Structure formats: structure tokens, C-alpha cells
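The values are calculated or read from the model by the stated rules, or taken from the named source; none is laboratory data. Since we're looking at a predicted model, the values are computed, not measured. FYI the Cβ positions are ideal-geometry reconstructions off the backbone, even for glycines, and counts take in every protein chain you see.
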Amino acid sequence: MAEENVARNRLRRLPPIRRARLWRLYAEDGRRFLDFWMDGGRSLLGAKGRGIGTTAKAVIDTGLTRPLPSIREASLEKDLLRRYPGYAAACFYRDEDRAVAAAAAFLDPGEELRTLEPFAAFLGAVESRGGGTALPRVAMPRLPCPAALAPAVLLFREAETAQSAEVDIVPPLALACAHRSLSEFDRFAEDYTEELWKRTDRRLAAYFERHGPCLYPRLAATAPAGVVPDYDRFFDAALGAGVLLSPAPEMPSLIPGDFDDGELARLAKALEAL
């Protein structure tokens, strides 16, 4: 919890934001920030994807914004199980905190709930928070959809286990937006490839260790002597250069789907000065 508070406090160093468009944030004072955080991958498709906002408006127009049973639940479950082979059932929750609380009943003492990140497929393996590569009995996929418009999900290896889980009824609005985000993710992934990611190496390789689209800061504890030991300074220098990094060093920053060399050059110059 203390680490989460530290991360939140770093985010509060951003000025008030008036608008987000794709991977850039526009502040009330006129500054612009390139988003390498993307809310931990939830906004990997950009601020609201290309069609998620349209989907949200269409569902809002039907009035389906409150928790109600919906056929969209079965459609979303089918899509998720196709994307995560080895799992037999999905349960839906209003937010990640409620999903984590429900999952606790199925975890061993001291076991951490596995979070399956939306960029895992790009890395050629099941990358996750929580450690390990074996398929856990229960896991929480992180959907590439803004948290305000998406449910939280638990995946279960055994359907019988899922039947005993506490579940929420979530608004059809969230189910529809999450489903749209998955189809957009497929199209986005066609161009979000090594060819794009390696364009960052020239400017950023000295300051980040890159694994696919994931950037881990080269801090003193994990990198050769001479690199930046203090993540607060690292984060603040990037912010001063117009780049929002992940507020937690253990969670990677993500290469945005669009950037220009000038933005990377300003970031490299700021980090070099540390």
C-alpha cells in the first residue's frame, strides 16, 4: 500500500490535464506530455482507442449504464477464453479491487494474484506481475481499455471453481467497451511491433533496458555504475522533458503507439543531465 501511495504522489506532479488524445496529454497550462505509462497498459490503445468512445456513446444512448444482466457477458467471456487458452471460465467485477478480493478465496497463503498484462503476447510468453510462468488457477487479465469503461476480470482454469466464486453484475456499458477494446487490440498489434519499438533504442538504450515494448529504467541497483540511482529524480526529469513514465519503477513504461524523434531526444537529454 505504501508503494501505491508513492506512485500516486508521483502522478500528482503532473499539472491538471484538460485533454488526452491518443498517447499525448494536454495540460491546462499549455504543456504536452507523451504518455509512456498508459495507466499500466489499460490505455495501450491511446486515451480512448479509436472506437471505444463511439461504442460507449451508443450504449449510453440505450440507457445500459447500470449493473444489469446482459448477453454481452457471454460474448466477452468467449473472446477472453479464446485469447487465454488453458482457462475455462471468466467472472466479471465492477473494479479490480473487487476482483482481487474475490480471488483471495482461491489463493494459497502468501500467494499473489497473477496479473496478465495486455502486452504479454508481444513478448512471446505469458508475462505477468506475480511471478512465474506456470498457468495459475486464477488470474486477472488487464484489459486494454480505460478502467472507467471496463470491468475487471478473473480467469479460472476450472469451470467448477468459477461457479463457487463471488461475482458482480456489471453494467453492459463496461462489457461492450471491453469487448470493443479487444477487437481494436488485434488491429493495433499489427503495427505495434519490433519495427516500431526499436526506433527508441538510438535515444533511450542508455537509460532503459527494453524488452519488446517494455522499458525498465537502468537504475544503480540493476545497471552499471554511473546510471541514475534515484527513481524520483528519473521520473521528474522525464516529466520536465514532457514524458510521463510509469510512476512505479517495478512496472515497465510502455512505448506509445506514436512518437517522434524530437520527443525522444528531449527525454534523453534530460536523463543525461542527471
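Only one of the listed residues (Leu245, Leu274) is of a type in the set (A, V, I, L, M, F, W, C), in contact with a helix residue (DSSP H, G or I) (Cβ under 7 Å, 6 or more places away or on another chain) and surrounded by 19 or more Cβ atoms within 10 Å (Cβ to Cβ). That residue is Leu245.
In the set (1) within 21 Å of Asp39 (Cα to Cα); (2) in a helix (DSSP H, G or I), the condition left unmet by Ala162 is number (1). Taking the conditions exactly as written (more than 22 Å from Ala20 (Cα to Cα) and either surrounded by fewer than 18 Cβ atoms within 10 Å (Cβ to Cβ) or assigned by TED's automatic domain parsing to the domain that holds Leu45 (or both)), does Glu209 satisfy them or not? Criteria met by Glu209.
Scanning the range 1-42 for residues that are in contact (Cβ under 8 Å) with a residue 24 or more places away in the chain and farther than 23 Å from Tyr231 by Cα yields Ala20, Arg21, Leu22. Can you tell me which residue in the range 244-264 is modelled with the highest pLDDT, limited to those that are under 14 Å from Asp232 (Cα atoms) and out of contact with any strand residue (DSSP E or B) (no Cβ under 9 Å at 6 or more places or on another chain)? Once the filter is applied, the top-ranked residue is Pro247. Buried (at least 21 other Cβ atoms within 10 Å of the Cβ) and not assigned by TED's automatic domain parsing to the domain that holds Met251, is that true of Ala74? When the stated conditions are applied, Ala74 does not pass them.
Within the range 124-151, the residues that satisfy the criterion of being in contact with a helix residue (DSSP H, G or I) (Cβ under 9 Å, 6 or more places away or on another chain), assigned to a loop (DSSP other than H, G, I, E, B) and at pLDDT 85 or above are Arg137, Arg142, Leu143, Pro144, Cys145, Pro146, Ala150, Pro151. Criterion applied to Leu196, Leu267, Leu239, Leu173 was being in a helix (DSSP H, G or I), in contact with a strand residue (DSSP E or B) (Cβ under 6 Å, 6 or more places away or on another chain) and at pLDDT 95 or above, and the one residue passing it is Leu267.
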